[in-house]
Amino acid sequence: MNRSTCPDDTPILAARNLVKRYPRGREGFRSRPAAGIEAVSGVSFELARGETLGLVGESGCGKTTLARMLLKLLPADEGRILYRGVDLVPLSETEMRPLRRKIQIVFQDPYGSLNPRLTIGQTLRDGLHLAGVTGRGALRQRIAAVLERVGLPASAADRYPHEFSGGQRQRIGIARALSVEPEILVCDEPVSALDVSIQAQILNLLADLRESLGLSCLFISHDLNVVGYFCRRIAVMVHGRIVEEAPAEALFDAPLHPYTRQLLAAAADPLREVADAASLVGTQAAPSASPDACIAYSACPEAASACRAWAGDLTDAGGGHYVRCLRS
Ligand SMILES: Nc1ncnc2c1ncn2[C@@H]1O[C@H](COP(=O)(O)OP(=O)(O)O)[C@@H](O)[C@H]1O
Ligand SMILES: [Mg+2]
């Protein structure tokens, strides 16, 4: 869609009731889909231009599945993905090609996400080719510029991934995403695999790039402190659903969902990382007492018996604050 035909208040990216089901187990070829896991159960959100939306939730709640669906790396089973108002879900690979570069992703694992057999330059060149950049000189220049942008020397182009540290590899992952000049950056736990001492450097780099390039970001993390640092608006996900969404200050100062309050208490306790084995809801999807129960039922310290038969929607609490809870 032409920019001029898209009204200014159209979100640059929106999800409408996205659903993803996996057959049970990761191999799953013998299983019946009916017995599968619903990893994402009707997620909707809107991302305005230049905005960063944080998505926080424990390991296994469906964050990566949602990210991969948004990039069309995984097909959605239901729902719509609106880029500037255009639904990407029904588009073919050919129709997607000109749009692919608009939405880029930074992956969690800086070790697994780079091809060890390719030099950094070759990796970046592949992406640029797909984006239609050709010509040796132009490619070299663009690669040198983007490496410099993420704080690496141009000579990094001639080296292989194993020659770099985790933090440097994540810089390369960011360079790969930025090389095609995206409008939207999906960051899927971009610092979770890094040493704590390196995390702040990468977050600062991302914040700087977001600012200077005017990027719109979906920033995913299991760590509420990281999301609070990086995002003005935050959505909380439990078992494939968003249970609360609010401006960051409102979420921290006046959380409405009991699960969010638990997350906040855990995040405020330095001895208890939210990703710990003693997680709040367990790591597997769909453990509700019954399909009719509130999605957070099994994890909720304030659940009432009525919550066992309540599967309501997000409601508007005012001030851009939304909550999915019978009791609030
Ligand atoms: N390829 C797959 N096949 C089957 N189940 C999967 C697959 N990928 C993820 N899952 C399951 O889907 C749920 C959500 O996983 P994921 O999206 O990776 O969560 P998160 O990123 O929040 O940790 C988990 O229960 C996980 O085990
Ligand atoms: Mg993940």
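At-a-glance table
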read-out	value
Evaluation of residue 168 against (1) crowded, with 16+ Cβ neighbours inside 10 Å; (2) over 12 Å from residue 111 (Cβ atoms); (3) of a type outside the set (A, V, I, L, M) (one fails), failing number	(2)
Matching residues, segment 310-326, being closer than 17 Å to residue 239 by Cβ, at pLDDT 85 or above and either assigned to a helix (DSSP H, G or I) or of a type in the set (A, V, I, L, M) (or both)	314, 323, 326
Per-region count, segment 58-83, residues near ligand 1 (Cβ under 8 Å from one of its atoms) and at positive phi	2
Selection status of residue 187, modelled with pLDDT of 95 or more, open to solvent by less than 20 Å² (accessible area, probe 1.4 Å), outside any helix (DSSP H, G or I) and away from ligand 1 (no atom under 16 Å from the Cβ)	no
Of the criteria (1) assigned to a strand (DSSP E or B); (2) open to solvent by 30 Å² or more (accessible area, probe 1.4 Å); (3) touching a helix residue (DSSP H, G or I) at 6+ places or on another chain (Cβ under 9 Å), which one residue 72 fails	(1)
Checklist (1) within 16 Å of ligand 2 (Cβ to nearest atom); (2) more than 18 Å from residue 110 (Cβ to Cβ); (3) aromatic (Phe, Trp, Tyr) applied to residue 219, failing item	(2)
Lone unmet requirement of (1) at pLDDT 95 or above; (2) open to solvent by 60 Å² or more (accessible area, probe 1.4 Å) for residue 18	(2)
Helices (runs of 4 or more DSSP H) completely within segment 79-165 that count 3 or more residues being in contact with a helix residue (DSSP H, G or I) (Cβ under 7 Å, 6 or more places away or on another chain)	120-130, 136-149
Pairs where the first residue, in segment 20-49, is assigned to a loop (DSSP other than H, G, I, E, B) and the second is at pLDDT below 50 and open to solvent by 50 Å² or more (accessible area, probe 1.4 Å), C-beta under 7 Å, 6+ apart	23/33
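The values are calculated or read from the model by the stated rules, or taken from the named source; none is laboratory data. What you see is a predicted model; the values in this text were computed from it and never measured. Every residue, glycine as well, gets a Cβ built from its backbone with ideal geometry; the counts of neighbours run over all protein chains shown. To get the accessible areas, we keep the full protein, side chains included, count just its heavy atoms, and leave off ligands, DNA and RNA. Shrake-Rupley method; radii C 1.70, N 1.55, O 1.52, S 1.80 Å.
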